[in-house]
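One structure is given here, and the rest of the page talks about it.
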Amino acid sequence: MKEDDHIISSAFLFGNTNSFFGTLQKLGIEVTFVDATEARFVENAIQKNTKLVFVETIANPVTQVADLKAIGQLCKTKNLIYCVDNTMTSPCLFLPKSVGASLIVNSLTKYIGGHGNALGGAITDTGLYNWSSFENIYDTYRNEEPELWGITQIKKKGLRDMGASLGPEAAHHLAIGSETLSLRIKKACKNALALAEFCQKHSKIKQTYYPGFFRSPTTRAGATTFLNNLDQFLALIWQMTWTASNFSMQWITLFLPAISATTELSRFLLLTLFITKWVRSAEPQWVSLIQ
Ligand SMILES: Cc1ncc(COP(=O)(O)O)c(C=O)c1O
């Protein structure tokens, strides 16, 4: 992207991505944040200088589900780059190419690496976007097949200039971790579903965000089809407010934060429960639920 280009992004974003878009705005790239759970909001935001649409499959942290398919169709019609962050679903649960994504972003730090011992990210060009119509490709990179121009420029210019190189040791950890992705994801989804059902029924929990519950406030009609396609592997993270009137404590952290550049790597247990002593004694069923 360059100065005066325009990006449409889902308003429901991982915090650091939001911060990054803030930096782009300071560099003169326009960013419009929209409710991506409905494609019409994306369509309404399109301008003459719009180049790219960015969404997360299931947004971190409140699990809003983007209308992935309809946005994909829109991007195809308008010839916009469709960039999908697949971190929360991982390639094990969802292949964004199936909804027309041009570029896919995956954090390798989380599900894919899976062990909290390395930081990394991946960007995949699905080959669906024809970069010959994209004016921001430098002449130097316009010499292979047009489908390759985008990823070549990202690798040879973007990643090199921004310093985003994966160290060999991190690459090794991530490669080994990825071998067990499908096993871990199945288990994580099973646990998440059990916890979501438990939390939804619990009288002291005001709201459970879990996209698999189609009446969840964050799951709109367009997303229902997408989630159905995930079969039983529904995702993944939710937040809840504990309204215990007898206690001043309003929020209880049930999970350690997802592994991220902003959290300590040593606290690597994604979807692992951290339950206070008080919860243990007051609510013994939490303990049995997580075993
Ligand atoms: C949706 C999403 N994208 C990207 C990232 C960034 O991942 P990393 O910690 O590997 O930089 C995160 C981290 O939580 C995320 O949730």
Among the listed residues Ala118, Ala122, which satisfies the condition of being within 16 Å of the ligand (Cβ to nearest atom), over 28 Å from Ala11 (Cβ atoms) and either loosely packed, with under 15 Cβ neighbours inside 10 Å or in the same structural domain as Ala11 (by TED's automatic domain parsing) (or both)?
Ala118
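When the residues of region 79-115 are narrowed to those that are within 11 Å of the ligand (Cβ to nearest atom) and in a strand (DSSP E or B), which ends up surrounded by the fewest Cβ atoms within 10 Å (Cβ to Cβ)?
The first filter runs over region 79-115 and keeps only residues within 11 Å of the ligand (Cβ to nearest atom), leaving 84-90, 105-113.
Cutting the leftovers down to in a strand (DSSP E or B) gives us 84-85, 105-107.
Working: Val84: 30, Asp85: 26, Val105: 18, Asn106: 22, Ser107: 24.
Residue satisfying both the conditions and the ranking: Val105.
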Test result for Ile71, away from the ligand (no atom under 11 Å from the Cβ) and either touching a Pro at 6+ places or on another chain (Cβ under 7 Å) or not in a helix (DSSP H, G or I) (or both)
no
For region 2-23, give me each residue that is away from the ligand (no atom under 15 Å from the Cβ) and in contact with a strand residue (DSSP E or B) (Cβ under 6 Å, 6 or more places away or on another chain).
Asp5, His6, Ile7, Ile8
Residue list for region 34-68, filter: within 12 Å of the ligand (Cβ to nearest atom) and either in a helix (DSSP H, G or I) or more than 11 Å from Ile8 (Cβ to Cβ) (or both):
Glu56, Thr57, Ile58, Ala59, Asn60, Pro61, Val62, Thr63, Gln64, Ala66
Tell me, yes or no, whether region 126-137 has at least one residue that is within 16 Å of the ligand (Cβ to nearest atom) and either of a type in the set (A, V, I, L, M, F, W, C) or crowded, with 19+ Cβ neighbours inside 10 Å (or both).
no
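For region 142-165, state whether one or more residues are part of a loop (DSSP other than H, G, I, E, B), surrounded by 17 or more Cβ atoms within 10 Å (Cβ to Cβ) and at pLDDT 95 or above. Before you say what the answer is, go through the steps one by one.
Initial filter on region 142-165 (part of a loop (DSSP other than H, G, I, E, B)): 142-145, 163-165.
From what's left, surrounded by 17 or more Cβ atoms within 10 Å (Cβ to Cβ): none.
No: zero hits.
The values are calculated or read from the model by the stated rules, or taken from the named source; none is laboratory data. None of these values were measured; they are calculated from a predicted model. We place every Cβ from the backbone using ideal geometry, glycine too, and count neighbours over all the protein chains shown.
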